[in-house]
1. Identify the residue in the range 17-37 that is more than 25 Å from Ile66 (Cα to Cα) and among the charged types (D, E, K, R) and, among all such residues, is nearest to the chain's Cα centre (by Cα).
2. Only residues in the range 296-308 that are part of a helix (DSSP H, G or I) count as the first member; pair them with residues that are loosely packed, with under 13 Cβ neighbours inside 10 Å, Cβ under 8 angstrom, at least 6 apart or cross-chain, and list the lot.
3. Out of Val31, Val79, Val15, which single residue is closer than 30 Å to Asp194 by Cβ and either among the small types (Gly, Ala, Ser) or surrounded by fewer than 22 Cβ atoms within 10 Å (Cβ to Cβ) (or both)?
4. Report, by residue number, each residue of the range 166-185 that is modelled with pLDDT under 95 and aliphatic (A, V, I, L, M).
5. Would you mind stating whether Ile201 is outside any loop (DSSP other than H, G, I, E, B) and touching a Lys or Arg at 6+ places or on another chain (Cβ under 7 Å)?
6. Quick one: would you say Arg347 is of a type in the set (D, E, K, R), at pLDDT below 90 and in contact with a strand residue (DSSP E or B) (Cβ under 8 Å, 6 or more places away or on another chain)?
7. Which numbered condition in (1) at pLDDT below 85; (2) closer than 18 Å to Pro80 by Cβ; (3) within 11 Å of the chain's Cα centre (by Cα) is the only one that Gly163 fails?
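The values are calculated or read from the model by the stated rules, or taken from the named source; none is laboratory data. Note that the structure is a prediction, hence the values are computed from the model and not measured. For neighbour counting, all protein chains shown are included, and Cβ atoms are generated from backbone atoms with ideal geometry for every residue, glycine included.
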Amino acid sequence: MSERRVLVGEDDGSVRDLLAQLLTEEGYQVVTASSGQESLDLLISDESERPDLALLDIKMPGMDGITILQRMLDQGVDVPVILMTGYTTASLAIKAMQMGAADYLTKPFNNLSEVLTDVKKVLRYEDLKRGQEQQLAAQPKIDPSERIVGASPDMVKIFKTIGQVARTPTTILVTGETGTGKELMAEAIHNASDRRNGPLIKVNCAALPETLLESELFGHEKGSFTGAITQHKGRFEAANKGTIFLDEVGEMTLGTQKKLLRVLQEREFERVGGNVPVKVDVRVLAATNRTLRDEVVNGRFREDLFYRLNVIAIHMPPLRERLEDVPALVNYFLDKHRYSSASVPTRITEEAVTILMGYEWPGNVRELENIIQRAVVLSRGNIITPDHIIFHNELNRF
């Protein structure tokens, strides 16, 4: 243990000293830095002087953690980095993981033991992969969605999962209540994938009746049904070399499910009224607000299709289970909608935020955005107060 050297890069002196003491008591050799440049200098020093691991605050004077990662990649420095941040978006998390960060932690720490656990885990992993070539420097840059905000444990776990699976061809099933951000999650996955330059085709399976949905997905041949006066290419063909997002996939009938299963198994299908196989190269992302395991038990969803879709599952938690993310979401939506009114609100009172934190949010993040957008319009000055917070069941006040 005493041979392990850990760099703590943190501009907050109290946090830096606390982490240094914690790691020293565990037997690590600790070196500290108070700025991004100082951290980088230690990381690119002679190999004999380099740390075995770095704990870096993502926001430091002069140079942020992402830039340090990039400089390390440019110079071929292979030191595992754990980033620390107090504010996390999907974009930041994905970029950090795909540019080589071993992990990241959100501040304030729930428990200092999580820091030690993460340090030990990363060092153990480095021991296992020592001697293997590091290829992260060759990965292209990404520009994923900035619109998923959160630093709660559930969201941190989700961001890590995106970073790990986005660049694979794996089918992903996103579950969660209406309004939790399933479509935004699909966009983030596509934008972080190798198919990001290809199309992202979205289909709401609940918005079309069975006869139209099958034609919309797979296309139809001329004369296949009344009104089919020309051949029509479906959404799967439109998504070739890209991604198709099947929202509310649990609403599909068993007949349409069978055709979808064939696409997943054989990468081909036949248009409605046709008998010539159409080959496609498409990644499938699906979402549902149903519990598909229950649908399988009740005979409403094919078990074989469920397992094909559920290779990787991402569950979007309801907002009521991550209320600690409400302030960050409020700030994001304030910035997004600040041009909705001539009088631009620049801040929201603590009393108003407290009210938002105490609400159950049946409509989830989508409902929060609507409430903030309404508050921006209603506020007369530059401050949003409790009087401007109007929930759906209170709209009859006006």
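1. Looking at the filtered set, the residue picked out is Glu26.
2. Phe306/Arg293; Arg308/Gln265
3. The unique qualifying residue is Val79.
4. If the condition is that a residue be modelled with pLDDT under 95 and aliphatic (A, V, I, L, M), then Ala166, Leu184, Met185 are the ones that fit.
5. Considered against the rule, which asks whether it is outside any loop (DSSP other than H, G, I, E, B) and touching a Lys or Arg at 6+ places or on another chain (Cβ under 7 Å), Ile201 comes out as yes.
6. Yes, satisfied.
7. Going through the list (1) at pLDDT below 85; (2) closer than 18 Å to Pro80 by Cβ; (3) within 11 Å of the chain's Cα centre (by Cα), Gly163 breaks only (1).
A quick yes/no check of all residues on (1) under 26 Å from Ile148 (Cβ atoms); (2) in contact (Cβ under 8 Å) with a residue 24 or more places away in the chain; (3) out of contact with any helix residue (DSSP H, G or I) (no Cβ under 8 Å at 6 or more places or on another chain):
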residue: Glu3; (1), (2), (3): no, yes, yes
residue: Leu23; (1), (2), (3): no, yes, no
residue: Tyr28; (1), (2), (3): no, yes, no
residue: Gln37; (1), (2), (3): no, yes, yes
residue: Val77; (1), (2), (3): no, yes, no
residue: Pro80; (1), (2), (3): yes, yes, no
residue: Leu83; (1), (2), (3): yes, yes, no
residue: Gly86; (1), (2), (3): yes, yes, yes
